[in-house]
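Shown next, in structure tokens, is the structure this report addresses.
Coordinate-derived values only; no laboratory data. All of these numbers come straight from a predicted model, not from anything done at the bench. Heads up, the Cβs are rebuilt from the backbone with ideal geometry, glycines too, and the neighbour counts pull from every protein chain shown.
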2 protein chains.
Amino acid sequence: MTTVRTRPMPTTRDRILDAAERLLARFGYKKTTMEDIAREAGLGKRTLYLHFASKEAVALSTIDRIVDRLTGQLREVAAAVGPPEERLREMLLRRVLVRFDSVRHYSHSLDELFESLRPAYMARRARYFAAEAQVVADLLAEGRRLGAFACDDPEATAHTLLLATNSLLPYSLTARELGKREDVKQKALQIADLLLAGLRPRQTAPNPREKSS
Amino acid sequence: MTTVRTRPMPTTRDRILDAAERLLARFGYKKTTMEDIAREAGLGKRTLYLHFASKEAVALSTIDRIVDRLTGQLREVAAAVGPPEERLREMLLRRVLVRFDSVRHYSHSLDELFESLRPAYMARRARYFAAEAQVVADLLAEGRRLGAFACDDPEATAHTLLLATNSLLPYSLTARELGKREDVKQKALQIADLLLAGLRPRQTAPNPREKSS
């Protein structure tokens with residue numbers, strides 16, 4: 001898990017997924033065939049089927065790979081030096097922008113991809129978020145020890161933070177919104193800032209709900 | 001807009017939408033035909049087509065109606081008596097649960113509905129959120145005057161609050177999640193509480209980012 005690996009020649013699996021991403025972006029899900037993917041990857045169809053049982057499996061694996069790479073990046077940010085609040089802001093921003101950058105060139109074909117994959121995509125979402133939540137929860141626990149966060153339950157709070165930024169993931173963006181990276185970035189920062197303000201410990205400011213109504 | 005109306009006999013339009021909701025929940029989008037909708041509503045097919053040009057138009061209008069009713073409820077909550085923070089929490093909860101309750105009996109057929117409607121649904125989402133944001137922004141402005149919220153830009157903050165709770169709207173829920181109302185409610189409350197904590201004015205607590213790193 002934590003062993004350092006140099007990046008060698010791409011594996012056959014990565015070559016297939018790279019080829020699939022190019023075709024999905026250019027022609028969309030429906031018009032792309034397994035035959036096209038094999039040709040684009042420079043492989044025989046039989047080799048392709050040794051790695052993936054179906055076009056749906058290939059397409060879902062391209063999403064898996066994006067989330068795997070993202071989770072790796074989140075771990076790096078979590079392990080970096082700096083105030084926990086800054087690291088958490090960076091993580092929330094990163095989870096939005098890494099996904100955005102991975103599919104922004106899909107443009108209109110993304111709608112069709114999610115239309116086709118929706119049930120299967122929804123089914124594996126929980127696994128994606130669990131992996132991310134683990135990294136966020138660890139940082140929240142660290143920040144709590146350092147007095148940077150007021151947070152009773154790091155795991156529950158981690159899920160809350162992810163949920164609150166999920167509406168900016170590609171699945172929830174229109175083709176038009178995918179064209180506007182800066183807009184999406186600003187929205188992510190605004191949500192992150194409000195959430196971070198909510199996590200900041202209050203030493204002296206009274207809670208108005210406890211005072212009066 | 002603000003005139004009070006007693007609810008008379010349902011209009012033909014409402015009868016059609018009621019019939020469509022029953023069929024969409026029971027049989028799903030693909031298996032439901034315009035003929036079925038006309039029969040279920042007790043109308044001729046010609047009358048149905050006088051009101052709606054296509055099955056897609058009917059289905060989208062059932063979603064429009066849910067959002068219109070919700071927006072009405074949000075206005076009522078905004079106009080109620082009580083601390084702005086409580087009203088805002090109730091509004092955020094309500095926007096999640098009113099939608100949830102409107103489609104929870106769709107169960108598995110909801111996946112198929114959104115699969116079929118995705119492009120058209122995405123296109124009109126902006127209009128839904130603009131209507132909700134207007135009501136939320138007005139409450140934020142009121143709360144700011146009363147000293148209940150720290151909020152520089154009520155309109156931008158309203159959009160941020162909606163975005164941060166959008167991941168709990170039916171479009172983003174799986175069939176399994178639609179079965180668990182209490183879970184969804186708790187998640188909505190957790191997000192709302194964190195956002196509300198972020199909006200609470202800080203009179204004396206220092207911002208750690210300004211102090212040191």
- Message: Run lengths n ≥ 4 of DSSP H only: what is the helix-derived mean residue ellipticity at 222 nm for chain A, with -39500 (n - 2.57) per run over all residues, to the nearest 500?
- Response: -23500 deg cm²/dmol
- Item | Using θ = phi - 60° and Karplus 6.51 cos²θ - 1.76 cosθ + 1.60, couplings along region B:131-138 (whole Hz; Gly, Pro as x) | 5, 5, 4, 4, 5, 5, 4, 4
- Which residues in region A:47-81 have a backbone N closer than 18 Å to a point placed 7 Å from the Cα of residue A:15 along the Cα-to-Cβ line? A:47-53, A:58, A:62
- Cα lying deepest toward the dipole's positive end in region A:60-200, options A:196, A:79, A:174, charges on Cβ: A:174
- Along each principal axis, Cα extent of chain A, largest first, Å: 69, 40, 28
- Convex hull (Cα only) mean projected area of the protein assembly as shown, reported in nm² to one decimal: 23.9 nm²
- Item | Degrees between helix A:55-79 axis and first principal axis of chain A (Cα, 0 to 90, nearest 10) | 40 degrees
- Note on the structure: For chain A the mean separation of alpha carbon contacts under 8 Å (6+ apart) over residue count, i.e. relative contact order in percent, is 22 percent
